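Contents: one structure, followed by commentary.
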Amino acid sequence: MSEKVVADTLLDVDGIETCYGLSQVLFGLSLSIKPGEMVSLMGRNGMGKTTTIRSIMGLTPARAGSIRFAGAEVRTQPSYRIAKLGIGLVPEGRQIFPNLTVRENLVAAAADRFNSPNPWTLAAIYVMFPRLAERAANMGNQLSGGEQQMLAIGRALMTNPKLLILDEATEGLAPLIRDEIWNCLSLLKSRGQSILVVDKNVDHLARICDRHTIIERGKTVWSGTSDQLMAEPDLQHKYLGI
């Protein structure tokens, strides 16, 4: 790989292998994201999408391969250091703090380590998600599933990340809330936010993502643009079950 390609890549995952105990889940998986890109990670349930994200974040460290973020090798780094380098995670299941208020959830990890010219603040999050402003004094466990997902996204944005990762961005949400989340992601992309998103809605992903990576049994089996993805219905049937 040339120096220019490395420099132009925000996240470069190359040939990682990850295990849970003696059970191997990822077998040489690779993907990349350039600054300002929105990339999807797709595959059927149980194929390694969440494990890929956990490996990137250092939560389930990869035993082999390379994970470079913003030019630094992070595969062996602890998760808190990886987060501080500028990755904001919206985890599967949201994992907001149930015994903190909406406002407290948002400010708990707030930071602007990279002196953003237009940083995310409480006011900016409330503009994007007016419902959170209305519920600012409510505890996390008093929110609906959709409100919790908005809060999880807002909490990640309050770290002013270079890369935002969303695991199952709209899973289990009502259709209107899903649309609100997709509109949010479109807005973030228009602001130049780099995004890695896991979701099952191929049509929405194809509309707003620049590129897509499909994994099957822990391996990258296809990557390409939205036009290429939509032009290959057999590929979708084979790997995505649609």
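The values are calculated or read from the model by the stated rules, or taken from the named source; none is laboratory data. All figures in this text were calculated on a predicted structure; none of them were measured in a lab. Because the Cβ atoms are built from the backbone with ideal geometry, glycine has one as well, and the counts that use them run over all protein chains shown.
I want to confirm something. Restricting to the range 94-129 and keeping residues that are at pLDDT below 90 and loosely packed, with under 12 Cβ neighbours inside 10 Å, which single residue is farthest from ILE181 (Cα to Cα)? It comes out as ASN115.
Yes/no matrix, rows are residues, columns are (1) over 30 Å from GLN142 (Cβ atoms); (2) part of a loop (DSSP other than H, G, I, E, B); (3) over 17 Å from the mean Cα position of the chain (by Cα):
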| site | (1), (2), (3) |
| --- | --- |
| GLY15 | yes, no, yes |
| THR18 | yes, no, yes |
| SER30 | yes, no, no |
| GLN77 | yes, yes, yes |
| ILE82 | yes, no, no |
| ASN99 | no, yes, yes |
| LEU106 | no, no, yes |
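In the range 225-242, which residues are loosely packed, with under 15 Cβ neighbours inside 10 Å and either touching a Phe, Trp or Tyr at 6+ places or on another chain (Cβ under 9 Å) or free of Cβ contacts under 8 Å to residues at least 24 places away in the same chain (or both)? Those that are loosely packed, with under 15 Cβ neighbours inside 10 Å and either touching a Phe, Trp or Tyr at 6+ places or on another chain (Cβ under 9 Å) or free of Cβ contacts under 8 Å to residues at least 24 places away in the same chain (or both): THR225, ASP227, GLN228, ALA231, GLU232, PRO233, ASP234, HIS237, LYS238. Whenever a residue of the range 74-102 is farther than 11 Å from GLN148 by Cβ, its partners that are surrounded by fewer than 21 Cβ atoms within 10 Å (Cβ to Cβ) and aromatic (Phe, Trp, Tyr), lying with C-beta atoms within less than 9 angstrom and at least six residues away or across chains, give the pairs GLY86/PHE114.
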